[in-house]
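Shown next, in C-alpha cells, is the structure this report addresses.
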C-alpha cells in the first residue's frame with residue numbers, strides 16, 4: 001500500500017502512539033510493589049506459555065497483567081523437586097503430597113496468608129484443609145490440581161473393566177485364560193506400598209487399616225507379605241512412563257497401576273488401552289503450589305497463587321495434563337480443546353481416592369506408625385526378591 | 001632505546017629468577033593442580049567418608065551429625081548385601097566378557113590394520129560413544145522388547161524354545177529379554193566395550209613384534225606364545241580396560257533402571273537413599289563399597305605384576 005505524502009506524518013503519529021500505549025500498558029497495570037520476576041519449580045506441563053501448543057498458554061496473560069516475568073524449572077520426580085527447593089533459589093513449587101510434608105518438615109517452604117488470596121474461597125472445600133499442606137491449622141500452600149493413580153488395562157484382553165486391584169496383587173487367570181504372571185507391573189517407588197495397603201483395606205478388613213499411609217506394625221507386615229507374593233508375578237517395576245508405555249505396546253504387559261497421562265497418550269496412539277478406578281478406590285496425587293522459605297519475589301508469588309486458581313489456569317491445565325481442577329467451578333469453564341475434562345479425568349471419584357502423603361512416624365490413627373524411611377528400605381528388599 | 005630493551009627483557013628476567021629458585025618454580029607449577037586435587041577431589045572424598053558415619057534418624061527422617069557405625073552394619077543386612085553382590089557379579093562378568101571380546105579386535109587393530117583400515121577401526125570403535133548414552137540405553141529397551149527386532153529374529157530362526165529355556169535359568173534369566181539379567185548384561189557390555197578395546201590396543205602396539213617372532217623361532221607353539229609372551233605383556237592394557245568397565249558398571253544407575261529385572265544396583269540404591277528419603281549417610285556408606293572393592297582389585301593387579309610393564 002502506498003501512503004499519500006500528506007497522510008504519512010499522521011500515520012506515523014498514530015502508529016507510534018499505539019506502540020507507546022502498548023508498551024506502557026503492562027507497566028501501568030503492574031502493581032508498583034511487584035518484583036518483576038517469578039521462578040517456579042513445576043511438573044512438566046503445569047506451567048505452559050503456548051510453546052508446545054499455542055492454545056495452551058496461561059503465563060503470557062499473567063505476565064502482561066502483573067509485570068512478573070515467569071521462569072519455569074521442570075522436575076520429573078518429587079525427589080527432584082525436594083532437592084531443587086533445598087537449593088533455596090526458587091519462589092514457588094507445585095509439590096505432590098509425598099513431597100509437601102517433607103518440604104514443610106525441612107522448613108523449605110513458608111506458611112501462606114490465605115487472606116491475601118481472594119480466590120481461596122473458590123477452592124474445593126475438600127482440599128482447603130487437606131493434611132498434605134496444612135499442619136496444625138497452618139496453610140503451607142494453595143491446592144492446584146489433582147488426579148488418581150488409575151488401573152490401566154489392555155481392553156483387548158479385558159472385554160469388561162477389571163473390578164478389583166486383585167488382578168495385580170493375587171495370582172489368577174486373566175479373561176484371556178492365561179495367568180497374570182509376567183504380565184502385570186508395579187510402581188518402582190516405596191509409595192506404592194500404599195496401593196497394597198489400600199487393596200488390603202477391602203480384601204482383609206480384619207487388619208483394620210483406616211489410612212493406607214498410616215500403618216501399624218502388624219498391618220505393615222501384612223502389606224509386606226502381599227508385596228512379597230506379588231514380586232514373582234511382576235514383569236517390571238515401572239519407573240519411567242515412557243518405558244511403561246512401550247511395555248504395554250511391545251512387551252505383552254496388560255494391566256498395571258498408571259497415571260491418566262499414560263492412558264491418554266496410549267489412547268491417542270490408538271492402542272487398545274483403557275483405565276478404571278476399581279471398587280477399592282485408588283491412591284492419587286493432589287498437588288499444592290508452595291512458596292519457598294527464602295522466596296525473593298513474594299509479591300509476584302502471591303499474585304501467581306491467586307492467578308493459579310482462576311478458571312483461565314485451572315481449566316486448560318486440567319485438560320492439558322489429564323488432571324482435575326482444585327476449583328470445582330472450573331469444570332464449567334471451556335478449555336482450549338473443548339473437552340469435558342472433569343468427567344474424563346474422574347472429578348467425581350474424589351471420595352474414592354486416598355491422596356499421597358509421606359508416611360510419618362507420628363500419626364493420628366495409631367500414635368506411632370511405620371515411617372517412610374522403613375517403607376523405602378523394605379520395598380528395596382522386596383524388589384530384590386527378599 | 002635502552003628503556004625499551006629493559007621492558008622486553010622482563011619475561012626473561014622472570015624466567016631467570018625462576019630458574020635460580022627451583023622450589024618456587026615447582027610451587028608455582030604445582031599449586032593449581034594440587035589445590036584442585038586436594039580440595040575438590042580429596043576434600044569431597046573425605047566429606048563423603050565423614051557423612052557415611054553420621055546418624056540417620058528414622059523418625060524425623062533427618063541426618064544428625066552423631067557418629068555411628070550403623071550404616072556399615074546396615075551394608076551387611078541381607079537385602080543390602082544382595083545389592084552389593086548383584087552389582088559386583090555383573091561388573092565382573094561384564095569385564096571378563098569385554099576382555100574376551102575386545103582382545104581379538106584390539107589385536108587386529110594393532111597388528112594388521114594399516115592405513116585407512118586403522119582409521120576405520122578407530123572410528124568404528126568410538127562411533128557408539130558419539131551418541132548420548134541415555135539414548136542408547138533407551139533404544140536397547142526397544143531392541144530387546146518382546147515386539148522388538150531381537151525377538152523377531154529369534155522367532156524367524158525358530159529359536160524361541162531355546163531363548164525361553166535360557167530365560168528360565170536363575171541369575172541369568174527373567175520374564176523377557178529386556179527384563180532379564182542377560183539383557184542387562186548385553187547392554188552393559190555394548191556400552192563399555194570401547195573402554196576395553198582402546199587400552200588393550202595401545203598395550204599391544206607397544207609390544208615389540210620381534211618378541212613374537214623370536215618366540216616362534218625358538219619353537220613355541222602359537223598358544224604358548226600367546227600365554228607366555230603376548231598376554232603377560234598386554235596385561236597392563238587388559239587391567240586398565242577392566243578398571244574402566246568394572247568401575248563404570250559398578251557405579252552405573254541408568255542402565256539398571258531401564259533394562260533388566262527388579263532389584264537395585266549400588267548406583268540406583270545410592271540414588272534412592274539420598275533422593276527418596278534423604279538418607280545421605282547410608283548412600284555414602286554404599287559409595288564406599290566400590291572404593292574398597294576397586295582398591296583391593298588394584299592391589300591384586302599389582303601383585304600380579306600388571307603394572308611392571310608400564
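The values are calculated or read from the model by the stated rules, or taken from the named source; none is laboratory data. What you see is a predicted model; the values in this text were computed from it and never measured. Here Cβ is always computed from backbone atoms with ideal geometry, including for glycine, and neighbour counts include all displayed protein chains.
Among the residues of the range B:148-169, none is identified as at the interface with another protein chain (Cβ under 10 Å from one of its Cβ atoms) and exposed (fewer than 13 other Cβ atoms within 10 Å of the Cβ). Considering the range A:350-386, the residues that are within 20 Å of the chain's Cα centre (by Cα) and surrounded by fewer than 17 Cβ atoms within 10 Å (Cβ to Cβ) include one that is farthest from the other protein chains (Cβ to nearest Cβ), namely A:351. Taking each residue of the range A:362-377 that is in the same structural domain as residue A:220 (by TED's automatic domain parsing) and looking for partners that are part of a helix (DSSP H, G or I) and surrounded by 16 or more Cβ atoms within 10 Å (Cβ to Cβ) with beta-carbon atoms closer than 6 Å, six or more apart or interchain, yields A:370/A:220; A:375/A:190; A:375/A:193; A:376/A:190; A:376/B:276. Residue A:335 meets all of the listed conditions (1) buried (at least 22 other Cβ atoms within 10 Å of the Cβ); (2) within 14 Å of chain B (Cβ to nearest Cβ); (3) in contact with a helix residue (DSSP H, G or I) (Cβ under 7 Å, 6 or more places away or on another chain) but one, namely (2). Restricting the range B:26-83 to residues that are assigned to a strand (DSSP E or B) and touching a residue at least 24 places away in the same chain (Cβ under 8 Å) leaves a set whose member that is farthest from residue B:282 (Cα to Cα) is B:62. Of all residues in the range A:186-203, those being within 14 Å of another protein chain (Cβ to nearest Cβ) and surrounded by fewer than 18 Cβ atoms within 10 Å (Cβ to Cβ) number 0.
The rows are residues; the columns are (1) touching a helix residue (DSSP H, G or I) at 6+ places or on another chain (Cβ under 8 Å); (2) away from every other protein chain (no Cβ under 14 Å).
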residue	(1), (2)
A:243	yes, no
A:251	yes, no
A:277	yes, yes
A:292	yes, yes
A:301	no, yes
A:311	yes, yes
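Restricting attention to the range A:233-257 and to residues that are in a helix (DSSP H, G or I) and free of Cβ contacts under 8 Å to residues at least 60 places away in the same chain, the residue that is surrounded by the most Cβ atoms within 10 Å (Cβ to Cβ) turns out to be A:244. Just one of the listed residues (B:202, B:240, B:234) is farther than 17 Å from residue B:91 by Cβ, surrounded by 19 or more Cβ atoms within 10 Å (Cβ to Cβ), touching a residue at least 24 places away in the same chain (Cβ under 8 Å) and more than 14 Å from chain A (Cβ to nearest Cβ), and it is B:234. The residue that is farthest from the other protein chains (Cβ to nearest Cβ), counting only those in the range A:102-113 that are surrounded by fewer than 20 Cβ atoms within 10 Å (Cβ to Cβ) and part of a loop (DSSP other than H, G, I, E, B), is A:113. Within the range B:148-162, being assigned to a helix (DSSP H, G or I) and in contact (Cβ under 8 Å) with a residue 12 or more places away in the chain holds for B:150, B:151.
Mind checking which residues of the range B:120-147 are more than 10 Å from every other protein chain (Cβ to nearest Cβ), assigned to a helix (DSSP H, G or I) and free of Cβ contacts under 8 Å to residues at least 60 places away in the same chain? Those that are more than 10 Å from every other protein chain (Cβ to nearest Cβ), assigned to a helix (DSSP H, G or I) and free of Cβ contacts under 8 Å to residues at least 60 places away in the same chain: B:120, B:121, B:122, B:123, B:124, B:127, B:130, B:135, B:136, B:139, B:143. Out of A:116, A:178, one residue alone is surrounded by fewer than 21 Cβ atoms within 10 Å (Cβ to Cβ), within 28 Å of residue A:385 (Cβ to Cβ) and either in the same structural domain as residue A:290 (by TED's automatic domain parsing) or out of contact with any helix residue (DSSP H, G or I) (no Cβ under 8 Å at 6 or more places or on another chain) (or both). It is A:178. List the number of the failed condition for residue A:87; all other conditions in (1) out of contact with any strand residue (DSSP E or B) (no Cβ under 9 Å at 6 or more places or on another chain); (2) at pLDDT 90 or above; (3) within 18 Å of residue A:292 (Cβ to Cβ) hold. So residue A:87 meets the others, but not (2).
Can you tell which of B:102, B:115 is more than 21 Å from the chain's Cα centre (by Cα) and either more than 14 Å from chain A (Cβ to nearest Cβ) or more than 18 Å from residue B:203 (Cβ to Cβ) (or both)? Going through B:102, B:115 in turn, the sole match is B:115. Filtering the range B:81-95 for residues that are surrounded by fewer than 16 Cβ atoms within 10 Å (Cβ to Cβ) and either farther than 30 Å from residue B:201 by Cα or not assigned by TED's automatic domain parsing to the domain that holds residue B:275 (or both) leaves a non-empty set.
Taking helices (runs of 4 or more DSSP H) as the structural unit, those lying wholly within the range B:197-310 and holding at least 1 residues that are under 23 Å from the mean Cα position of the chain (by Cα) correspond to B:231-251, B:254-258, B:266-276, B:280-303.
When residue A:206 is tested against (1) more than 12 Å from chain B (Cβ to nearest Cβ); (2) more than 17 Å from residue B:262 (Cα to Cα); (3) in a helix (DSSP H, G or I); (4) in contact with a helix residue (DSSP H, G or I) (Cβ under 8 Å, 6 or more places away or on another chain), exactly one condition is not met: (4). Number of residues in the range A:61-101 that are under 16 Å from the mean Cα position of the chain (by Cα), assigned to a helix (DSSP H, G or I) and within 11 Å of another protein chain (Cβ to nearest Cβ): the value is 8. Residue A:130 meets each of the listed conditions (1) surrounded by 16 or more Cβ atoms within 10 Å (Cβ to Cβ); (2) over 16 Å from the mean Cα position of the chain (by Cα); (3) not assigned by TED's automatic domain parsing to the domain that holds residue A:199 apart from (2).
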